Amino acid sequence: MSGQQDEQSVVLTAYISNSEALPAVSCKEQAGFSGPSRKTGQYNVQKCRAPAAVQGSSSGRVPYQRCSSQDSLDEHAMVDYYKELEIIQRSGDAEHQEEVQLKVADEGEQEEAWLMEAGLATLFDESASDGEDSIVLLSTLTRTQAAAVERRVETLKQTLRKRNKPYSVPDVREIFKTSPSESKENEVESTERSGISNEEVKTLGNGVRPDSQGGGAETETDINLEVSFSEQALVYKEGMKVSEPRSEADDKLPDFKVSQDKTGRTRVGDLSPEDMKKVRRLVLIEMSALFDTCGIELKAHKALKIKVRESGLFGVPLSTLLEQDQRRIPGTKVPLILQHLISHIEEQSLDTEGVLRIPGAATRVKAVCQELEHTFYDGMFPWESLKQHDAASILKLLIRELPYPLLTVEYFNAFISVLKLPTKKQQLQALNLLVLLLPEPNRDTLKAVMEFFQRVIDHKDKNKMTLNNVAVVMAPNIFMCKGFRSKISEQQEFAMATGTTNIVRLLIRYQNLLWTIPKFILNQVRKQNTENQRKMNRDRAVKKLLKKMAYDRERNSDKQEKNTEAEGGFIRVQAPQFSMVSMAVQLTEDLKASDVLTRFLSQERSLSVKREDLCLYEMGGNIKERCLDEETYIKALLELNPTAEWLIKSAQH
């Protein structure tokens, strides 16, 4: 063994290429995952020791090596990454499958696509139908978010000018037009929209939290969801330095803390589709603003249409899997085959040593996949005969054989670029935004997979699968999807090893935070809804307005009654789904959503519904619909949304 460890071989230290396929990383830069220069299309190499476990590869391919610089992962743990790559390549997954074809957007094309996705198409296309919504959206942006929009509009304008094409792109100064007398006032409004005042900016600039008791310095482990991430990054860039834990051991990743918000935490699935559409647009702008502020340019790819299987289990798009499943079980959000595989692995005990790491027998796995294709939906597959390690191998194959990656073609490079951000906090914030940007099927499936990984890790004392071990074996299956594997060299795969593994570690470890909608984004949605309501009321035709006035008088009378009730110390909660007309609940400083549900269940004892299936909803006012966290303080939320109504119904997720 020691003799093998002394062997020398050539390994990658920097990759320089004209290709835009994927960023590469040198040995010395793996921890920061920074992108090298791309000019000559050549490799710079040096000699490093190869891990003993991968010397003398039986596959006949060049064995994988790594340098000794392992800033964040145990050296022995990374051996499993290269073993997993060998297994993937020997398996020759679905070679008949057409690979996704990637294309880097042409100059100007990316900006157009970005503006359309952000709901700002009217900034380059006057015929777009979302003009009013665009104006409202722009009015809620923070300074850094507005700068991100301006940058892309200006880039698009310059591109069109180069092509000598007629265009109707407005001057960026016209988009956020201010007079000298208004500039001071608008600066205040901008900081208020970001959730941070000018005074607090100065305070943060000195490294002190605005709400700190005793003036203690903010640490890297304090996560602030009330202030725009890009605004925080700007403050950091302009001179604020925080203490950043450097240890990356399994149990020593930063223990990030989110201060309790009395208005409750909002998770993915808590909001209506209408409000989630606004969230996604804001998140796209915020994510771009965060990378812009840190000086990181993102080049998005787009997937060209390819011929994919229209049915089956393996090598079919995620959307196809879900369509098949929803015809059988309406409302399915995670593919049934994935759910069955996870359940089967767990039923056979997560205490099994090496679960997820030890591969199943290749010939047996191939045969099982063929049998699943023919019998899964008929309910005839003999699950009792499926070995646990075979099931784990099939689960990994299912993920990596998706024609379009689970992290999507559009945001694949953004996920990889996360580790270029200067602090762990900013990396986590970027991941939070990227998770929210994923299409709902991808986001739900990714969450189910991450939750499963965490349950495996919970049994690490028995199965020897720590956070590092799970991340190491799963990173190549998530990131080395088929469409990308053939477009990068083995050296690039090596360069990506530590970076992609670290991203998977963050996704697993901080999943409870990553699937949370930041409060500053939700506040911007509330402001949009308030402004839209004002515009709708102001722009109604006279005939409708007269009718509405009569309705408003009745409505205002009801609201006055409700407000009187609130001022008198009560709120009225309705539960029409359960035949209860309304329930008066005394309003106190300590009243939480959980208390309201407890009171409801004590009065409706005949109900068969479980407590965990119920949710108290905030309805109307400046939000369409929001399922409340049970730790939400009702009085604090009432101050944020005075005209809200309260409804108890079955949770939607």
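The values are calculated or read from the model by the stated rules, or taken from the named source; none is laboratory data. This structure is a prediction, so every number in the text was calculated from the model and none was measured. All Cβ positions, glycine included, derive from the backbone under ideal geometry; neighbour counts span all protein chains shown. Side chains included, ligands, DNA and RNA excluded: accessible areas come from the protein's heavy atoms. Shrake-Rupley method; radii C 1.70, N 1.55, O 1.52, S 1.80 Å.
Quick rundown of the values:
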| read-out | value |
| --- | --- |
| Every residue from segment 113-151 that is at pLDDT 90 or above, open to solvent by less than 40 Å² (accessible area, probe 1.4 Å), in a helix (DSSP H, G or I) and not β-branched (Val, Ile, Thr) | Trp114, Leu115, Leu137, Leu138, Gln145, Ala146, Ala148 |
| Flag for Leu545 being assigned to a helix (DSSP H, G or I) and either modelled with pLDDT of 85 or more or within 30 Å of Ala430 (Cβ to Cβ) (or both) | no |
| Single residue of segment 417-432 satisfying the filter (more than 13 Å from Leu507 (Cβ to Cβ) and in a helix (DSSP H, G or I)) that is most open to solvent (accessible area, probe 1.4 Å) | Lys420 |
| Hits in segment 293-309 - residues which are modelled with pLDDT of 85 or more and under 18 Å from the mean Cα position of the chain (by Cα) | Leu298 |
| Residue within segment 625-647 that is touching a residue at least 60 places away in the same chain (Cβ under 8 Å), touching a helix residue (DSSP H, G or I) at 6+ places or on another chain (Cβ under 6 Å) and basic (Lys, Arg) present | no |
| Test result for Ser606, over 15 Å from Arg265 (Cα atoms), within 26 Å of the chain's Cα centre (by Cα) and surrounded by fewer than 19 Cβ atoms within 10 Å (Cβ to Cβ) | no |
| From Leu160, Leu156, residue being open to solvent by less than 40 Å² (accessible area, probe 1.4 Å), over 30 Å from Pro403 (Cβ atoms), at pLDDT 85 or above and aliphatic (A, V, I, L, M) | Leu156 |
| Selection within segment 383-406 - without any contact (Cβ under 8 Å) to a residue 60 or more places away in the chain, open to solvent by less than 10 Å² (accessible area, probe 1.4 Å) and in a loop (DSSP other than H, G, I, E, B) | Leu386 |
| Of the criteria (1) modelled with pLDDT under 95; (2) surrounded by 19 or more Cβ atoms within 10 Å (Cβ to Cβ); (3) within 25 Å of Ile399 (Cβ to Cβ), which one Val235 fails | (3) |
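Yes or no, residue by residue, for (1) surrounded by fewer than 20 Cβ atoms within 10 Å (Cβ to Cβ); (2) touching a Leu at 6+ places or on another chain (Cβ under 9 Å); (3) of a type in the set (D, E, K, R):
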| residue | (1), (2), (3) |
| --- | --- |
| Pro273 | yes, no, no |
| Phe291 | no, yes, no |
| Leu318 | no, yes, no |
| Ile329 | yes, yes, no |
